[in-house]
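Here the structure comes first, spelled out in structure tokens, and everything after it is commentary.
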Amino acid sequence: MKQHKLFIATAALAVSLGAQAQAPKCDFEENDYKSVSTYDAWEDSPFRTGQLTGQARVVDNPYKDDNNPSDKVLGFQRSRYGGMFYGARIDLNDTIALSPTTQYVHAYIYSPKGGKVGLVALGKRITRTEQEPDAEQLIVLGNMQIPEGAWADAVFPIWGNANARIMSLVIVPDASINPGSGEDFMTYIDNVTVSESASPRISTGEYALNFDADQVMTRTDRHLDRMTFRAGNVSSATTTTQCRSTVYADLTDKFTVTMKAGESVRPTYSYTGNAMHSYTYVDWDNDGKFDVDFESDEPANGSDLMSYSYYEGKNSAGQNRGSSTGVGTPVYTAPADQPRGIYRGRTKIDWNNIDPAGNIDLDNTIINNGGNIVDYLINVHTDNVQLSVDARMCSVTLADGSALPDSIPFDENLNLSVKMDDGYYLTGLRITHGYNFNGDQYIHGNRQWSVDTIQCDTQTSITIPASMIDGDVSVSVLFTNIPPVGIETAPVASGMNVSVEENTIVLRSEEEKPYRVVNAGGQVIAKGTVKGTKKLPNFPAGVYVVNDTKCVIN
């Protein structure tokens with residue numbers, strides 16, 4: 001899959017008050033960073049005591065390919081004398097504002113070793129004037145391990161206090177616990193940016209296709225329109241509009257089929273056109289590929305081809321189909337001993353061909369025939385899932401006041417009641433949901449768990465929607481010790497006074513002064529000058545910073 005430089009800006013609040021700021025990005029082609037150096041989170045590191053000097057600088061890209069054709073990259077020498085979180089430090093031109101809502105730092109990394117990667121975020125809180133601008137605000141591991149000897153998009157979740165501003169990122173290409181056991185080696189970093197998406201920008205080669213993933217459709221009279229999967233009494237369905245424009249559609253971020261182990265599953269496909277067949281695959285062992293083997297014209301035990309409407313005269317139920325055409329396909333059964341978890345599913349519309357990557361017969365290619373391939377996720381679940389709640393400075397019960405259970409029903413709303421201790425105020429809930437939270441978030445591109453934030457303000461009754469009860473659930477209560485009323489009353493250093501009225505920020509200054517309003521996402525949403533009194537209306541509820549002063553609009 002060819003990749004080009006891609007920078008994804010974080011979503012802006014819908015406030016029509018001035019210019020919007022883009023997410024920080026560094027591709028090292030131009031001066032889109034202040035400086036580069038090295039940093040080690042280990043306090044006794046020889047790179048911090050001055051015994052050794054780190055090596056990091058912008059160099060020519062030694063590993064140009066379709067995934068990263070950049071001319072320039074950041075080179076970093078991984079030293080065996082550095083700590084677990086020793087990496088390349090990038091001082092940013094634009095700061096990153098943390099918030100309780102998870103964002104994701106993405107960085108292309110090329111490492112001859114592969115494995116775990118890490119991130120150290122350096123900066124300060126705007127409410128702590130005495131704090132140094134390179135204080136450690138966050139240290140995290142990447143969502144998945146990277147392969148050796150290939151460009152990969154490492155993804156790091158970041159969140160924190162809304163007052164924290166990140167001024168430097170330390171990309172750690174090798175987060176080894178015992179790096180001293182190895183040898184020094186060179187790694188390379190590129191295309192650093194911030195996004196709301198946790199999906200890697202580079203495919204690492206799993207789930208092969210026999211054509212480019214962005215291959216456009218060459219016919220308008222044939223395309224897959226809709227998919228429905230009925231497992232037990234539950235149906236999962238989606239439209240496939242993208243199949244009108246491209247041969248391949250990756251819906252793994254948008255569509256998940258739910259089922260239980262041992263259930264019968266009936267796929268139903270709506271297809272515009274005729275004279276085509278359907279094929280349904282599931283990667284049951286999560287090994288990054290669809291294994292297809294045949295014995296006596298029927299799927300072998302352990303095959304990932306679960307159902308098909310036609311192949312060499314028969315369907316997957318072994319029924320003779322003659323010269324039949326059509327995408328109607330038999331029921332299949334999920335393995336009875338299948339562990340609960342997230343797996344990759346694939347539907348293919350093709351002609352008399354079981355290759356999950358698509359027919360490449362020059363006289364009968366999937367492209368020329370107007371076929372499609374669609375990938376999606378499959379959630380194999382049980383009737384109940386595990387619940388855990390981290391309730392600091394508060395007590396949490398079910399909405400009716402009863403104690404929290406250890407397990408809750410799958411795919412049902414969870415109603416909670418939160419009572420904060422004196423002096424603390426509820427701001428939200430962070431919900432981690434899915435399977436195997438201690439493992440990689442993505443396995444071969446398949447998301448195993450997600451993190452979502454529910455902003456609660458001052459309410460004490462909160463509903464976690466059924467869409468987040470899609471596996472085990474871990475709830476963290478987010479809180480502050482700042483009362484949710486009005487504004488911190490101290491005047492700003494510029495000599496401007498700031499106050500809050502209903503959905504309005506009021507600025508007062510005897511002399512003409514510049515102002516800038518920044519939201520919790522770090523985006524500039526209003527700026528200008530004020531002399532006398534100026535009112536900025538129509539602000540939604542939230543936290544804002546006017547120059548040096550924090551405002552809370554309820």
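Every number in this text was worked out from the coordinates using simple rules, so none of it is lab data. Keep in mind the model is a prediction, meaning the values are calculated, not measured. In this analysis, Cβ positions are derived from the backbone assuming ideal geometry, glycine residues included, and neighbour counts consider all displayed protein chains.
For residue 253 and residue 81, a Förster radius of 35 Å and the Cβ-Cβ distance give a FRET efficiency of 0.30, rounded to the nearest 0.05. Local charge for residue 164 was computed over the other residues whose Cβ lies under 14 Å away, with Lys and Arg +1 and Asp and Glu -1, and equals +2. Under the criterion of Cα pairs below 8 Å and six or more residues apart, the relative contact order for the stretch 384-480 equals 40 percent. Using the alpha-carbon centroid of each, what span in Å lies between the stretch 418-446 and the stretch 225-286? With the stretch 418-446 and the stretch 225-286 each reduced to a Cα centre, they are spaced 30 Å.
Shape of the stretch 369-483 from its Cα gyration tensor (a ≥ b ≥ c, root eigenvalues): rounded if a/c is under 1.5, otherwise prolate when a/b > b/c, or oblate? In terms of gyration-tensor shape, prolate. Rounded to the nearest 20 debye, the dipole size of the stretch 253-404 about its Cα centre is 560 debye, using +1 on the Cβ of Lys and Arg and -1 on the Cβ of Asp and Glu. Shape of the stretch 51-156 from the C-alpha gyration tensor: prolate (a/c of 1.5 or more and a/b above b/c, with a ≥ b ≥ c the square roots of its eigenvalues).
Inter-label distance, residue 57 to residue 34: 2.2 nm, where each label sits 7 Å from its Cα along the C-beta direction.
The charge dipole of the stretch 497-553, taken about its Cα centre with unit charges on the Cβ atoms of Lys, Arg (+1), Asp and Glu (-1) only, comes to about 120 debye. For the chain, a crude dipole built from +1 on the beta carbon of Lys and Arg and -1 on the beta carbon of Asp and Glu, taken about the Cα centre, is about 1440 debye to the nearest 20. Gap in Å between the Cα centre of the stretch 151-167 and the Cα centre of the stretch 83-141? For the stretch 83-141 versus the stretch 151-167, the Cα centre distance is 6 Å. The tail of the calculated P(r) for the stretch 223-377, taken as Cα-Cα distances beyond 24 Å, holds 26 percent of the pairs. Backbone amide hydrogens, once placed in the peptide plane, bring residue 261 within less than 5 Å of 381, excluding anything fewer than 5 places away on its chain. Secondary structure note: in the chain, about 95% of the DSSP beta bridges are antiparallel.
Given their separation in residues at 0.36 nm each and the Cα-Cα distance between them, residue 312 and residue 535 gain 72.9 nm when the chain is fully extended. Over the chain, what is the mean sequence separation of C-alpha contacts under 8 Å (at least six apart), divided by residue count, expressed as relative contact order in percent? Reported as a whole number, the value is 12 percent.
Applying 1/(1 + (r/R0)^6) with R0 = 22 Å to the Cβ-Cβ distance of residue 389 and residue 422 gives a FRET efficiency near 0.60.
Arrange 223, 444 by Cβ neighbour counts within 10 Å, fewest through most, would you? It would help to have the intermediate numbers written out before the result.
Details: 223 22, 444 18.
The most exposed by this proxy come first: 444, 223.
Are any of the pairs 116/550; 254/419; 34/535; 254/550; 124/513; 419/535 more than 29 Å apart by Cα-Cα distance, and if so, which? Too far apart for the 29 Å limit: 116/550; 254/419; 34/535; 254/550; 419/535. Projected label points at residue 221 and residue 186, each 7 Å from Cα along the beta carbon direction, are separated by 5.6 nanometres. The alpha carbons of the stretch 375-435 give a radius of gyration and a Dmax of 14.2, 50 Å, in that order.
Between residue 125 and residue 214, the contour length at 0.36 nm per residue exceeds the alpha carbon distance by 27.8 nm. Considering the values (i) 1.01; (ii) 0.95; (iii) 1.21, which represents Rg/Rh (Cα atoms, Kirkwood Rh) as calculated for the structure under consideration? Looking at Rg/Rh (Cα atoms, Kirkwood Rh) for this model, the match is (i). Sparse packing (at most 14 other Cβ atoms within 10 Å of the Cβ) combined with a DSSP loop state is found for the following GluC sites (Glu not before Pro) in the stretch 63-165: 130, 148.
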